[in-house]
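Chemist: Please read through the structure below; I'll follow up with questions.
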Amino acid sequence: MRRARRSRFFTATLLAVAIFGAGCAANDQPPPAAPDSGKQPKLLSNLNDVVATPVNPFAINQVPERGEGMLVDHGPVTAGPRPYETDPGISRVVGNESNPGTVRLLNAKAAKFGNFAGVILDRIYARLIQAERTEEISRTRLPTEIKAVVITAILDKKGKLTELILEQHSGKAKIDQMMLDVCRKSIWYENPPVEALSADGTYQLTIRLKLENYASMDETHWSFTTDLGLGIV
(Lines give C-alpha, C1' and ligand atoms only; values in the text may rest on other atoms or scores of the structure.)
Protein backbone atom coordinates (compact mmCIF):
# COMPACT_ATOMS: atom_id res chain seq x y z
CA MET A 1 0.00 0.00 0.00
CA ARG A 2 2.78 2.44 0.95
CA ARG A 3 4.67 1.64 -2.27
CA ALA A 4 1.54 2.40 -4.32
CA ARG A 5 1.08 5.74 -2.56
CA ARG A 6 4.74 6.65 -3.13
CA SER A 7 4.43 5.74 -6.80
CA ARG A 8 1.35 7.89 -7.27
CA PHE A 9 2.99 10.82 -5.43
CA PHE A 10 6.19 10.50 -7.52
CA THR A 11 4.18 10.41 -10.77
CA ALA A 12 2.15 13.51 -9.77
CA THR A 13 5.35 15.37 -8.89
CA LEU A 14 6.92 14.62 -12.28
CA LEU A 15 3.74 15.78 -14.04
CA ALA A 16 3.71 19.09 -12.11
CA VAL A 17 7.39 19.72 -12.93
CA ALA A 18 6.76 19.04 -16.62
CA ILE A 19 3.81 21.46 -16.73
CA PHE A 20 5.76 24.15 -14.90
CA GLY A 21 8.73 23.73 -17.27
CA ALA A 22 6.49 24.05 -20.31
CA GLY A 23 4.99 27.25 -18.92
CA CYS A 24 8.42 28.76 -18.28
CA ALA A 25 9.55 27.87 -21.79
CA ALA A 26 6.52 29.65 -23.23
CA ASN A 27 7.18 32.74 -21.11
CA ASP A 28 10.80 32.87 -22.26
CA GLN A 29 9.81 33.59 -25.84
CA PRO A 30 11.03 37.07 -26.90
CA PRO A 31 8.30 39.71 -27.41
CA PRO A 32 7.25 40.36 -31.00
CA ALA A 33 8.87 43.37 -32.61
CA ALA A 34 6.76 46.48 -33.03
CA PRO A 35 5.35 46.58 -36.56
CA ASP A 36 6.70 49.23 -38.86
CA SER A 37 3.51 50.93 -39.94
CA GLY A 38 5.25 53.28 -42.33
CA LYS A 39 3.96 56.79 -42.72
CA GLN A 40 1.63 57.96 -39.98
CA PRO A 41 -0.46 61.12 -39.64
CA LYS A 42 -0.02 63.49 -36.77
CA LEU A 43 -2.64 62.80 -34.12
CA LEU A 44 -4.51 65.31 -32.01
CA SER A 45 -5.53 64.41 -28.48
CA ASN A 46 -9.20 64.47 -27.54
CA LEU A 47 -9.40 68.03 -26.20
CA ASN A 48 -12.88 69.50 -26.21
CA ASP A 49 -11.74 72.96 -27.25
CA VAL A 50 -9.41 71.81 -30.05
CA VAL A 51 -10.53 72.49 -33.61
CA ALA A 52 -9.42 69.66 -35.91
CA THR A 53 -7.14 70.94 -38.66
CA PRO A 54 -5.65 68.98 -41.59
CA VAL A 55 -2.03 67.97 -41.23
CA ASN A 56 0.45 66.38 -43.58
CA PRO A 57 1.59 62.78 -43.03
CA PHE A 58 5.23 62.23 -42.12
CA ALA A 59 7.62 59.32 -41.87
CA ILE A 60 7.95 57.74 -38.43
CA ASN A 61 11.75 58.03 -38.39
CA GLN A 62 11.83 61.72 -39.22
CA VAL A 63 12.46 64.34 -36.55
CA PRO A 64 9.62 66.87 -36.72
CA GLU A 65 10.64 70.32 -37.87
CA ARG A 66 8.87 72.02 -34.98
CA GLY A 67 10.89 70.21 -32.31
CA GLU A 68 13.96 69.49 -34.39
CA GLY A 69 16.40 71.55 -32.35
CA MET A 70 15.26 70.03 -29.07
CA LEU A 71 15.69 66.33 -29.65
CA VAL A 72 19.49 66.15 -29.51
CA ASP A 73 20.89 64.68 -26.32
CA HIS A 74 23.56 66.90 -24.81
CA GLY A 75 25.95 64.37 -23.37
CA PRO A 76 25.58 61.54 -20.89
CA VAL A 77 23.14 61.44 -18.01
CA THR A 78 24.69 62.95 -14.92
CA ALA A 79 24.23 61.87 -11.34
CA GLY A 80 22.72 64.31 -8.88
CA PRO A 81 20.26 67.20 -9.21
CA ARG A 82 21.16 70.38 -11.07
CA PRO A 83 19.18 73.62 -11.36
CA TYR A 84 17.04 73.90 -14.47
CA GLU A 85 17.89 77.58 -14.95
CA THR A 86 21.58 77.10 -15.71
CA ASP A 87 21.88 73.66 -17.31
CA PRO A 88 19.80 73.11 -20.44
CA GLY A 89 20.23 69.56 -21.70
CA ILE A 90 21.72 68.24 -18.45
CA SER A 91 19.73 65.46 -16.81
CA ARG A 92 18.43 65.68 -13.26
CA VAL A 93 18.00 62.35 -11.49
CA VAL A 94 14.50 62.05 -10.03
CA GLY A 95 13.86 58.31 -9.84
CA ASN A 96 14.97 55.69 -7.34
CA GLU A 97 16.54 52.23 -7.41
CA SER A 98 13.25 50.58 -8.38
CA ASN A 99 12.10 53.21 -10.88
CA PRO A 100 15.12 55.11 -12.23
CA GLY A 101 14.26 58.35 -13.95
CA THR A 102 15.74 61.56 -15.29
CA VAL A 103 14.24 64.85 -16.40
CA ARG A 104 15.82 67.64 -18.42
CA LEU A 105 15.12 70.95 -20.11
CA LEU A 106 15.95 70.48 -23.76
CA ASN A 107 16.96 73.93 -24.97
CA ALA A 108 18.15 77.36 -23.88
CA LYS A 109 14.69 78.94 -24.02
CA ALA A 110 13.34 76.35 -21.60
CA ALA A 111 16.29 77.02 -19.27
CA LYS A 112 15.75 80.79 -19.53
CA PHE A 113 12.18 80.33 -18.33
CA GLY A 114 13.16 77.58 -15.93
CA ASN A 115 10.35 78.10 -13.43
CA PHE A 116 7.66 77.99 -16.13
CA ALA A 117 9.15 74.95 -17.89
CA GLY A 118 10.26 73.18 -14.72
CA VAL A 119 6.87 73.34 -13.00
CA ILE A 120 5.18 71.77 -16.02
CA LEU A 121 7.92 69.17 -16.47
CA ASP A 122 7.78 68.08 -12.83
CA ARG A 123 3.98 67.90 -12.99
CA ILE A 124 4.16 65.69 -16.10
CA TYR A 125 6.71 63.41 -14.44
CA ALA A 126 4.63 62.97 -11.27
CA ARG A 127 1.55 61.92 -13.24
CA LEU A 128 3.63 59.78 -15.60
CA ILE A 129 4.96 57.67 -12.72
CA GLN A 130 1.39 57.03 -11.59
CA ALA A 131 0.45 55.96 -15.13
CA GLU A 132 3.43 53.60 -15.37
CA ARG A 133 2.22 51.75 -12.27
CA THR A 134 -1.27 51.01 -13.59
CA GLU A 135 -2.11 47.42 -14.39
CA GLU A 136 -2.28 47.99 -18.14
CA ILE A 137 1.07 49.74 -18.47
CA SER A 138 3.02 47.78 -15.84
CA ARG A 139 2.22 44.54 -17.70
CA THR A 140 3.74 45.90 -20.93
CA ARG A 141 6.90 44.30 -22.30
CA LEU A 142 8.37 46.97 -24.55
CA PRO A 143 10.26 46.15 -27.75
CA THR A 144 13.99 46.84 -27.57
CA GLU A 145 13.80 49.17 -30.58
CA ILE A 146 11.10 51.41 -29.06
CA LYS A 147 11.50 55.07 -29.96
CA ALA A 148 10.91 58.21 -27.96
CA VAL A 149 7.40 59.66 -27.90
CA VAL A 150 7.52 63.29 -29.06
CA ILE A 151 4.53 65.56 -28.44
CA THR A 152 3.95 69.23 -29.17
CA ALA A 153 1.70 70.99 -26.66
CA ILE A 154 0.18 74.38 -27.49
CA LEU A 155 -1.10 76.72 -24.78
CA ASP A 156 -3.01 79.95 -25.25
CA LYS A 157 -1.91 83.29 -23.79
CA LYS A 158 -3.59 82.46 -20.48
CA GLY A 159 -1.62 79.22 -20.13
CA LYS A 160 -4.51 76.89 -21.01
CA LEU A 161 -3.74 73.80 -23.06
CA THR A 162 -5.53 73.95 -26.41
CA GLU A 163 -3.82 71.35 -28.59
CA LEU A 164 -1.65 68.23 -28.42
CA ILE A 165 0.12 66.90 -31.50
CA LEU A 166 1.81 63.51 -31.60
CA GLU A 167 4.92 64.33 -33.60
CA GLN A 168 6.69 60.96 -33.28
CA HIS A 169 5.28 57.54 -32.43
CA SER A 170 7.15 55.30 -30.01
CA GLY A 171 6.16 52.16 -31.89
CA LYS A 172 3.85 51.06 -29.05
CA ALA A 173 0.35 52.56 -29.33
CA LYS A 174 -0.55 52.22 -25.64
CA ILE A 175 2.58 54.19 -24.64
CA ASP A 176 1.72 56.98 -27.10
CA GLN A 177 -1.84 57.15 -25.75
CA MET A 178 -0.65 57.05 -22.15
CA MET A 179 1.64 60.02 -22.74
CA LEU A 180 -1.05 62.02 -24.53
CA ASP A 181 -3.36 61.43 -21.58
CA VAL A 182 -0.65 62.41 -19.08
CA CYS A 183 0.04 65.64 -20.98
CA ARG A 184 -3.66 66.47 -21.26
CA LYS A 185 -4.03 66.25 -17.46
CA SER A 186 -0.71 67.90 -16.53
CA ILE A 187 -0.05 70.85 -18.80
CA TRP A 188 -1.34 74.25 -17.74
CA TYR A 189 0.19 77.32 -16.16
CA GLU A 190 -1.35 80.40 -14.56
CA ASN A 191 0.14 83.71 -15.68
CA PRO A 192 2.90 82.31 -17.94
CA PRO A 193 5.73 84.71 -18.85
CA VAL A 194 4.83 86.83 -21.87
CA GLU A 195 8.43 86.71 -23.10
CA ALA A 196 8.14 82.94 -23.60
CA LEU A 197 5.44 83.30 -26.28
CA SER A 198 6.26 81.98 -29.73
CA ALA A 199 6.00 84.10 -32.88
CA ASP A 200 2.35 83.15 -33.43
CA GLY A 201 1.28 84.34 -29.97
CA THR A 202 0.99 80.90 -28.32
CA TYR A 203 3.18 78.89 -25.97
CA GLN A 204 4.63 75.87 -27.75
CA LEU A 205 6.22 73.07 -25.75
CA THR A 206 7.99 69.96 -26.98
CA ILE A 207 7.74 66.95 -24.67
CA ARG A 208 9.99 63.94 -25.24
CA LEU A 209 9.63 60.62 -23.39
CA LYS A 210 11.90 57.58 -23.75
CA LEU A 211 10.62 54.58 -21.79
CA GLU A 212 12.34 51.20 -21.34
CA ASN A 213 11.61 48.13 -19.22
CA TYR A 214 13.83 48.08 -16.15
CA ALA A 215 13.02 45.23 -13.74
CA SER A 216 10.32 42.71 -12.89
CA MET A 217 9.84 40.59 -9.79
CA ASP A 218 7.35 38.23 -11.41
CA GLU A 219 8.15 38.53 -15.15
CA THR A 220 4.66 40.00 -15.58
CA HIS A 221 4.67 43.42 -13.92
CA TRP A 222 7.47 45.81 -14.83
CA SER A 223 9.07 48.99 -13.60
CA PHE A 224 10.59 51.31 -16.18
CA THR A 225 13.55 53.55 -16.87
CA THR A 226 12.04 56.94 -17.62
CA ASP A 227 13.79 59.75 -19.48
CA LEU A 228 11.63 62.86 -19.84
CA GLY A 229 12.47 66.20 -21.43
CA LEU A 230 10.73 69.48 -22.19
CA GLY A 231 11.65 72.37 -24.47
CA ILE A 232 10.04 75.66 -25.44
CA VAL A 233 9.81 76.69 -29.09
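Chemist: Let me check against my output: what whole-number percent is the relative contact order of the stretch 160-233, with C-alpha pairs under 8 Å and at least 6 apart?
Modeler: The normalised contact order for the stretch 160-233 reaches 24 percent.
Chemist: Mind checking the per residue accessible area of the stretch 159-217 for me, 1.4 Å probe, whole number of Å²?
Modeler: In whole numbers, the stretch 159-217 has 44 Å² accessible per residue.
Chemist: Of 188, 207, 175, which is farthest along the charge dipole of the stretch 158-233 in the positive direction, counting Lys and Arg as +1 and Asp and Glu as -1 at C-beta?
Modeler: Comparing the listed Cα positions along the dipole, 188 ranks first.
Chemist: Quick check: residue separation of residue 185 and residue 133 times 0.36 nm, minus the Cα distance between them. What number comes out in nm?
Modeler: 17.1 nm
Chemist: I would also like to ask the following. Provide Rg over Rh for the stretch 89-203; use the alpha carbon set for both Rg and the Kirkwood Rh (inverse mean inverse pair distance).
Modeler: 0.97
Chemist: Using amide H atoms built in the peptide plane, which far-off residues or other-chain residues are under 5 Å from residue 107 H to H?
Modeler: Amide H neighbours of residue 107: 89, 232.
Chemist: Quick check on my link table: of 112/160; 112/147; 172/210; 112/210, which ones sit more than 19 Å apart, alpha carbon to alpha carbon?
Modeler: Correct reply: 112/160; 112/147; 112/210.
Chemist: In the stretch 85-233, with Lys and Arg counted as +1 and Asp and Glu as -1 at Cβ, which of these residues, 153, 140, 90, has the Cα nearest the positive end of the dipole, that is, farthest along it?
Modeler: Of 153, 140, 90, it is 153.
Chemist: Still on this structure, please answer the following. Search the structure for amide H atoms under 5 Å from the amide H of residue 226, placed 1.01 Å from N in the peptide plane, and list their residues when 5 or more places away or on another chain.
Modeler: 101, 102
Chemist: While we're on this one: Could you give each residue of the stretch 135-148 its phi-based ³J(HN,Hα) in whole Hz, using Karplus coefficients 6.51, -1.76, 1.60 with θ = phi - 60°, and x for Gly or Pro?
Modeler: These are the phi-based 3J(HN,Hα) values: 4, 4, 6, 5, 8, 8, 9, 7, x, 5, 8, 4, 9, 6 Hz.
Chemist: A further question follows. If the only charges are +1 at each Lys and Arg Cβ and -1 at each Asp and Glu Cβ, what is the size of the charge dipole of the stretch 94-178 around the Cα centre, to the nearest 20 debye? Walk me through the numbers on the way to the answer.
Modeler: Working: 14 positive and 10 negative charges, 55 e Å.
Charge dipole of the stretch 94-178: 260 debye, to the nearest 20.
Chemist: In the stretch 139-220, which trypsin sites (Lys or Arg not before Pro) fall in coil by DSSP and have 12 or fewer other Cβ atoms within 10 Å?
Modeler: Details: sites: 139, 141, 147, 157, 158, 160, 172, 174, 184, 185, 208, 210; in loops: 139, 141, 147, 157, 158, 172.
Loop-located and lightly packed - 139, 157, 158.
Chemist: Just to check I understand the Karplus step: with θ = phi - 60° and J = 6.51 cos²θ - 1.76 cosθ + 1.60, what whole-Hz values come out for the stretch 165-175, glycine and proline as x?
Modeler: For the stretch 165-175, the Karplus curve yields 10, 7, 7, 9, 7, 7, x, 10, 4, 5, 6 Hz.
Chemist: Ok, one more. In terms of modelled amide H atoms, which long-range or inter-chain residues lie less than 5 Å from the amide H of residue 162?
Modeler: When sequence neighbours closer than 5 places are left aside, the close amide H contacts are 154, 155, 156.
Chemist: Out of the total accessible area of the stretch 82-233 (probe 1.4 Å, heavy atoms of protein only), what percent is carbon and sulfur?
Modeler: Using a 1.4 Å probe with all protein chains present, the stretch 82-233 comes out at 49 percent carbon and sulfur.
Chemist: Same structure, new question: I need to check one value: relative contact order of the stretch 80-233, counting alpha carbon pairs closer than 8 Å and at least 6 residues apart, in percent.
Modeler: Averaging sequence separation for qualifying contacts and normalising by length gives 29 percent for the stretch 80-233.
Chemist: Still on this structure, I have one more. In whole Hz, with x marking every Gly and Pro, tabulate ³J(HN,Hα) for the stretch 176-184 from phi via Karplus 6.51 cos²θ - 1.76 cosθ + 1.60, θ = phi - 60°.
Modeler: 4, 5, 4, 5, 4, 5, 4, 5, 4
The values are calculated or read from the model by the stated rules, or taken from the named source; none is laboratory data. This one's a predicted model, so the numbers in the text were calculated from it and none came from an experiment. As a convention, Cβ positions derive from the backbone with ideal geometry for all residues, glycine included, and neighbour counts pool all protein chains shown. Accessible surface areas use protein heavy atoms only, side chains included; no ligands, DNA or RNA. Shrake-Rupley method; radii C 1.70, N 1.55, O 1.52, S 1.80 Å.
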